[in-house]
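Heads up: the structure comes next, in structure tokens.
The values are calculated or read from the model by the stated rules, or taken from the named source; none is laboratory data. From a predicted model like this one, the values you see are computed outputs, not experimental measurements. Counting neighbours? That spans all protein chains shown, and the Cβs are built from the backbone with ideal geometry, glycine included. Please note that ligands, DNA and RNA were not included when accessible areas were found on the heavy atoms of the full protein model with its side chains. Shrake-Rupley method; radii C 1.70, N 1.55, O 1.52, S 1.80 Å.
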Amino acid sequence: MSLFYSFALIALPFLSGCDGYFHHTQRECHFTSGDLKDLEFIDRYVFNKDEYIRYNSTLKKFIGFTEHGVRNAERWNQDGFSDQAYGNLDGYCRPNSELELQNILGHSVEPLVKVKSVKSGSQRHSTMLVCSAYNFYPEGIKLTWLRDGKEVKTDVTSTEELYDGDWYYQIHSYLELTPTSGETIACKVEHSSFSEPKVFKWDPSTLDGERNKVIIGASGLVLGLILSLAGVIYYKKKSTGRILVPTS
Ligand SMILES: *[C@@H]1O[C@H](CO)[C@@H](O)[C@H](O)[C@H]1NC(C)=O
């Protein structure tokens, strides 16, 4: 796990004519483990997307990337600004990173799990089931298919853990099978938000439910057609008797 966060600290737009100029500094705290062993403080000085000076707490000094940047970095290092900047490692990064670890990274969110059938693409099997886990955090989940309690390994495919872009993840596991009556098929989910694995059963009646909807819809359509046909016939019969025939 690699973590990184940054804050834009100062933004000073200098306006001249129609074009804008943009200066900003960005403070970053980098760490890859919960014990903050490799914590690093980075302070970037950027003018119009061009980084010209960077403080790096691992190097314990400022480094310049342009002629003007190199000159100023040297001066800042000599003037003792680098010691001051190093103070941010423990003064700024450590307390903030500890808070982030506790309040965000220490949390976990349970997945919302759905097991349903989808159209099967294969000729060998009649049914394809999908077990979907949505909105879980953090990354790291295991989905296992169970047929009458026994793990199924063949005809299983899965997506990666997909990042939603809002800290949450989703994953979908597919099982192709020809169900036999009476057996139970379930999806076992293991995630750090659960104290023990949770099992979600597939309810085959949802498949029948879909079929029933089609049957009800079709019956409604047929009934409607019969009634409207009857209505048209009735109207025609009635109206023929009503046509007025003018007399001389
Ligand atoms: C800071 O310096 C260390 C040591 O050279 C280097 O490994 C690291 O990548 C640097 N970090 C940045 C963000 O430049």
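Please list, or write none, the aspartates and glutamates whose alpha carbon is within less than 12 Å of the alpha carbon of Lys153, excluding same-chain residues fewer than 8 places away.
Answer for Lys153, where 12 Å is the Cα cut-off: Glu176, listed by chain and number.
Leaving out ligands, DNA and RNA, what percent of the accessible area of region 112-204 is carbon and sulfur, probe 1.4 Å?
C and S fraction of accessible area: 49 percent.
Which distance in nm do the two modelled labels at Glu100 and Arg211 give, with both placed 7 Å along the Cα-to-Cβ direction?
With each label point 7 Å from Cα toward Cβ, the separation is 5.4 nm.
Among Val46, Ser192, Val115, which residue has its Cα furthest toward the positive end of the charge dipole of the chain, with +1 on Lys/Arg Cβ and -1 on Asp/Glu Cβ?
Val115
In nm, give the distance between the simple-model label positions of Ser248 and Tyr92, each being 7 Å from the Cα along the Cα-to-Cβ direction.
11.2 nm
Using a 1.4 Å probe, what is the accessible area per residue for the chain, in Å²?
Working: 16780 Å² over 248 residues.
Here the residues of the chain average 68 Å² of exposed surface.
Quick check: the angle from helix 67-78's long axis to the longest principal axis of the chain, C-alpha only, nearest 10 degrees?
Tilt of helix 67-78: around 60 degrees.
Of all the accessible heavy-atom surface of region 43-87, with the other protein chains kept in place and a 1.4 Å probe, what percent is carbon and sulfur? Before the final figure, lay out each step's value.
On the way: 1380 of 2880 Å².
Heavy-atom surface of region 43-87 belonging to carbon and sulfur, 1.4 Å probe: 48 percent.
Summarise the long-distance tail of P(r) for the chain by giving the % of C-alpha pairs beyond 35 Å. Write down the numbers at each step before the final one.
On the way: 16403 of 30628 pairs.
Counting every Cα pair in the chain, those more than 35 Å apart make up 54 percent.
For the chain, with a Gaussian network of springs between Cα atoms less than 10 Å apart, report the residue from Gly69, Gly87, Gly224 with the top mean-square fluctuation.
Gly224
Can you compute the FRET efficiency between Arg124 and Asp148 using 1/(1 + (r/R0)^6), with r the Cβ-Cβ distance and R0 = 22 Å? Round to the nearest 0.05.
On the way: r = 20 Å, r/R0 = 0.92.
Efficiency, from the Cβ-Cβ distance: 0.60.
Considering the chain as a Gaussian network with a 10 Å cut-off on Cα pairs, which listed residue, Ser33, Ser219, Ser120, attains the greatest mean-square fluctuation?
Between Ser33, Ser219, Ser120, it is Ser219 that shows the largest mean-square fluctuation.
For His24, project a label point 7 Å along Cα to C-beta. Then give me every residue of region 78-106 with its amide nitrogen under 17 Å of that point.
Counting only backbone N, you get no residues.
In nm, give the distance between the simple-model label positions of Lys238 and Ser33, each being 7 Å from the Cα along the Cα-to-Cβ direction.
My value for the distance between the label points is 8.8 nm.
What is the angle, in °, between the Cα long axis of helix 205-240 and the longest principal axis of the Cα atoms in the chain? Nearest 10 is fine, range 0 to 90.
That works out to roughly 50 degrees.
Rounded to the nearest 20 debye, what is the charge dipole size of the chain about its Cα centre when +1 sits on each Lys and Arg Cβ and -1 on each Asp and Glu Cβ? Intermediate values should be presented prior to the final figure.
Working: 27 positive and 31 negative charges, 423 e Å.
Charge dipole, the chain, about its Cα centre: 2020 debye, nearest 20.
Considering only DSSP beta bridges where both residues belong to the chain, give the percentage that are antiparallel (nearest 5). Walk me through the numbers before you get to the answer.
Working: 66 of 66 bridges.
So the antiparallel bridges amount to about 100 percent of the total.
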